[in-house]
Structures are given as structure tokens and as C-alpha cells.
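Shown next, in C-alpha cells, is the structure this report addresses.
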Amino acid sequence: MRFSTKAIHIGNEPEAPSGAVTPPIYMTSTYSQRDQSEHDYARGINPTRTRLEQNLAALEEGKHGLCFSSGMGAITTALTLLKKGDHAVVTDDCYGGVFRIFTRIMNRYGIDATFVDMTDLVAVEDAVRPETRMVWAESPTNPRMKVVDLKELAAIAKAHDAISVCDNTFASPYLQQPLAMGIDLVVHSMTKYLGGHADVLGGALVMRRDDLHEPLKFAQNALGAVPSPFDCWLVLRGVKTLAVRMERHCDNAEAVAKFLSGHPKVERVLYPGLPSHPGFSIAKRQMRRAGGMMSFVLKDGPRTMDVLKRLGVVTLAESLGGVESLIEHPASMTHASLPPKELEARGISAGLVRFSVGIEDGEDLIEDLGRALG
Ligand SMILES: Cc1ncc(COP(=O)(O)O)c(C=O)c1O
């Protein structure tokens, strides 16, 4: 089965005995064990969740899927693979919540992290220590849109007996399948492209390795950051249109990137689909298309928020990956938890804008941006 067919059919098989084409939402906290023993308590198992987990495993070319109440719920659970004394090498351009959990929570449990620019694979090798057990990547990264060579990264992690992880939220499994490139564990914020309609929070882990699934399944139940059956149903519904949505996100993003690149008020556009982007050739190799996310830098940094507040079709808001275009200012919004020194070191300047290009008519988006930029 090909991607779009799997997205619609895996986990969505008609329900017996009614034949309902759309899966039911099992709103139950517990199960009668008189005639069955597989289902005991809903933190551990829920049939709507199981359907979504099967669907995501298929879309990522994985074997096992596990779903959570948020992306951070998935990430926290993944970090239970580490123990006191372990070390992780983490992309320096990561979602702010990942930086926060490594530097303010995991450090209190004796787990150390080194943040490196993963476009420099020598720097990754140099950061590895004898106690390194995890290599944590995003590609493209949030918000600088760096593209990491996932095949090479997976090989480095494997050589050092460390678990390679890729947060695939920005690309979605339609555009990029890290497990097929040798990555051990895929992370998703389902809140974004998988849900696709800005109406649900969720997270997922997908893997092939049984030896990772077993402890993570245990931790899913033990930590308890599980999604509601209704939220699982919303994501299952959202995923059915993932392929067509992603194609339109890419069409619009390509047009917007071209427009912004030629605008006199814009200093630089960071979009992996532009030949001027340093990760263009790696993105071409490992992604189907360059995606719906981009960042750009305004020449007049201090006036960035004034420009963003003038937008009409595009909404000034955090989050990404929904049908509606969202724009935000990382330095004061999504990445505000980073200390000023870290913001500067990562190039998250006053003029940097992150844009989640939606699936509205691309012409309306370009007109709106043109009006706001003046
Ligand atoms: C790349 C990435 N990973 C993880 C997360 C966390 O996901 P959630 O907000 O669903 O907890 C986000 C949230 O913005 C994200 O952008």
C-alpha cells in the first residue's frame, strides 16, 4: 500500500459487527474482564488509541506506535530511556521545550546534554562521550530551518551505541521517513501537521526496534501522559488528508518563499526548498518536498512585531502545521524560555520570524504579507 492509501485505511478498518466505516470513540476508563483480558484499564490501552498507533506506525514505515497527550508527553516518555550518568547530544536549534526539559529537569536527574549544530557532523562526533546514550535531532530544525543529514547522523549514533532520535514534526511522515534512514526513534507533536486543524494536542513515538518499544510502552502506562480517545479520533481523521494538505502547504510555501526572497524589507529567507539554502541538496535527497515551514529575517528587527500585527489573513500565534497560516516571533514567543545569551548564540534575532504557511489561496497570503511589510 502507498502512503495516501495507508493514511486512510490503516487503523480505519470498518468496525465489527456494525460495519461502521469511521472508527468509534471508546469513551471508557475500564473494561469488563469477564470475557476478555487484553483490555484492562484505559491508561494502558484504548481501542481508538490502538488504531491511531497502528496508523502512525504504518505511515512512518515503523513497527510500533505509541501516542501521548502532547508532543512534550511523548518527549518526556522518550527520555526515560536514559538513566543517571547518561549523556545526550542534542541539536542546538531545537524546540524551546526540549531545551527546557534537558537543562531544567533532566539535569536534576543526573542526565547531561551537549547542544551542537548538527549540520556539522564533525561537531556531533566531537560532542560524543563514552557515556553518550542518545543523539537527539530535528530536521528541519525549529526555528532556523537547518537540515540535518539523518542517514549520517544515524550512523554516528549507531557507531557509539547511542539511540538516534528525530523529531519529525516539521516534515511529517509524508515528506520524510527517518526510520527508513536508520534513525531509531521518531517523535511527533501530533498537535501540528498530523492533527492538521489546530484543534487537538497530542504526541507520538514511532519505532522499529522491539527493545525500544518494550520499555517505552511500559513508560507510557507508568507515566500516564496518554491522549483521550476523542483526541485520538481527531488525529485519525486529520491524518486521512495529510498527503493532500502537505502538497498544498508545499505549493504555498514555495510561492511565499520566492515572494519574500525578492522583498526589499526582507534580509534573508530560510526555506530548504530555495537553492540558496545551505541544506537544499540534503533536503532534496531526504525529503519528498521542502515543507510548509519557513523562517525569514526582517531588516528592521525592532519593528518586527508591528509588521506581524498588521497581518489580516495570517494569524499571529504560536504553533504550526494547521490548515490556517500562523506566524510568530520566536525571540518573544515560542523560544522566550531561552536565556538572551542562548537566543543570540542560536541566531534567534529580533528580526527572525517563523511562518507556518497554511493551505489558503497562496495569492491571498502573498497579498497579506505585501500589505503588512509595506
Ligand atoms: C518541533 C516540535 N516538537 C515538539 C513540540 C511539542 O509539542 P506539543 O506542543 O504538542 O507538546 C513542538 C511544539 O511546538 C514542536 O514544534
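Side notes on the structure shown:
- Lone qualifier among 138, 131, 53, 61 - being charged (D, E, K, R), under 30 Å from residue 31 (Cα atoms) and in contact (Cβ under 8 Å) with a residue 40 or more places away in the chain: 53
- Residue count for the stretch 304-345 under the criterion of being more than 15 Å from the ligand (Cβ to nearest atom), over 30 Å from residue 243 (Cβ atoms) and either not in a helix (DSSP H, G or I) or not small (Gly, Ala, Ser) (or both): the result is 15.
- Within the set 143, 178, 173, the sole residue that is in contact with a Lys or Arg (Cβ under 8 Å, 6 or more places away or on another chain), in the same structural domain as residue 113 (by TED's automatic domain parsing) and in contact (Cβ under 8 Å) with a residue 60 or more places away in the chain turns out to be 143.
- The one condition in (1) in a helix (DSSP H, G or I); (2) surrounded by 15 or more Cβ atoms within 10 Å (Cβ to Cβ); (3) among the charged types (D, E, K, R) that residue 289 fails to fulfil: (1)
- Of the set (1) within 16 Å of the ligand (Cβ to nearest atom); (2) among the acidic types (Asp, Glu); (3) more than 17 Å from residue 81 (Cβ to Cβ), all apply to residue 120 but (1).
- Complete set of residues in the stretch 140-165 that are β-branched (Val, Ile, Thr) and either under 16 Å from residue 98 (Cβ atoms) or modelled with pLDDT under 95 (or both): 141, 148, 163, 165
- Only a single criterion out of (1) more than 20 Å from the chain's Cα centre (by Cα); (2) buried (at least 16 other Cβ atoms within 10 Å of the Cβ) is not satisfied by residue 276, namely (2).
- Residues that are β-branched (Val, Ile, Thr), within 16 Å of the ligand (Cβ to nearest atom) and within 25 Å of residue 133 (Cβ to Cβ) within the stretch 155-195 comprise 165, 169, 183, 186, 187, listed in sequence order.
- Top-ranked residue in the stretch 97-122 [being surrounded by fewer than 20 Cβ atoms within 10 Å (Cβ to Cβ) and small (Gly, Ala, Ser); ranked as farthest from residue 153 (Cα to Cα)]: 110
- Condition broken by residue 300, with the remaining ones in (1) touching a residue at least 60 places away in the same chain (Cβ under 8 Å); (2) in contact with a Gly (Cβ under 8 Å, 6 or more places away or on another chain); (3) away from the ligand (no atom under 16 Å from the Cβ) satisfied: (1)
- Counted as qualifying within the stretch 1-111 are the helices (runs of 4 or more DSSP H) with 3 or more residues that are modelled with pLDDT under 95, namely 96-104.
- Within the stretch 264-285, being assigned to a strand (DSSP E or B) and closer than 15 Å to residue 146 by Cβ holds for 268, 269, 270.
The values are calculated or read from the model by the stated rules, or taken from the named source; none is laboratory data. Computed from a prediction, not measured in an experiment: that's the story for all the values here. A quick note on method: Cβ atoms are made from the backbone with ideal geometry, for glycine too, and the neighbour counts reach across all protein chains shown.
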